[in-house]
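The values are calculated or read from the model by the stated rules, or taken from the named source; none is laboratory data. Predicted model only: the values in this text are computed from it and were never measured. Neighbour counts are summed over all protein chains in view; Cβ atoms, including those assigned to glycine, are modelled from backbone coordinates with ideal geometry.
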Amino acid sequence: KSVGEAYGERIQLVAAKAPTVAASAGILQLRAVDPLPPGVDTVLLEIGQIEMHRADWAADRWITITSSSQQIDLLRLGDVQKFLGELEVPTGVYTKMRFFIEDATVVIGGVPYPIQVSGQMLNLTRPFWIEEGKTTVALLDFNGASSLQAAGKGNYTLTPQVQLMAREPQ
């Protein structure tokens, strides 16, 4: 079975569990966890717009769930979840989430260095659903140790390696 076929089957399974409700809203909580790369004081990410892709809309399937910038301090995340936001979003089946990274800085030995971010957009793929009046938790598992690379003295690149996990309403 191909990866595309397996993904299509996963979307169908999620869609089969989701109740059909028109013009209603549920709650999406965004949270993140992170292991900090060794030898790094902190990594600061400035996240701008966040969008989600809705599988069950015929028209424009990308919806903006927030356009306000948020700074994520990966040092303070540690192994603890950080609540990024709780948003009311339309009910339905979603297949992707994308985050626009506006800026990134790494601090090593108290000295801040800019980070060159690969692509400036983080695309995450995992089907999940939002049900009316219930909360779905989307957890971003960011692998900081693998994502941040030194590219010479004072030069760093970030190729985000993140998994999206979702705890759907029960």
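Points to keep in mind about this one:
- Residue check, residue 131 over 19 Å from residue 45 (Cα atoms), acidic (Asp, Glu), modelled with pLDDT of 80 or more and surrounded by 15 or more Cβ atoms within 10 Å (Cβ to Cβ): yes
- Candidate set: the stretch 119-154, residues that are closer than 20 Å to residue 166 by Cβ and charged (D, E, K, R); chosen: the one farthest from the chain's Cα centre (by Cα): 132
- If the condition is being touching a strand residue (DSSP E or B) at 6+ places or on another chain (Cβ under 8 Å) and loosely packed, with under 14 Cβ neighbours inside 10 Å, then the stretch 135-170 contributes 151, 154, 155, 159, 163, 167.
- Whenever a residue of the stretch 141-170 is farther than 20 Å from residue 28 by Cβ, its partners that are modelled with pLDDT of 80 or more and of a type in the set (Phe, Trp, Tyr), lying with C-beta atoms within less than 8 angstrom and at least six residues away or across chains, give the pairs 148/156; 149/156; 150/156; 154/113; 155/113; 156/113.
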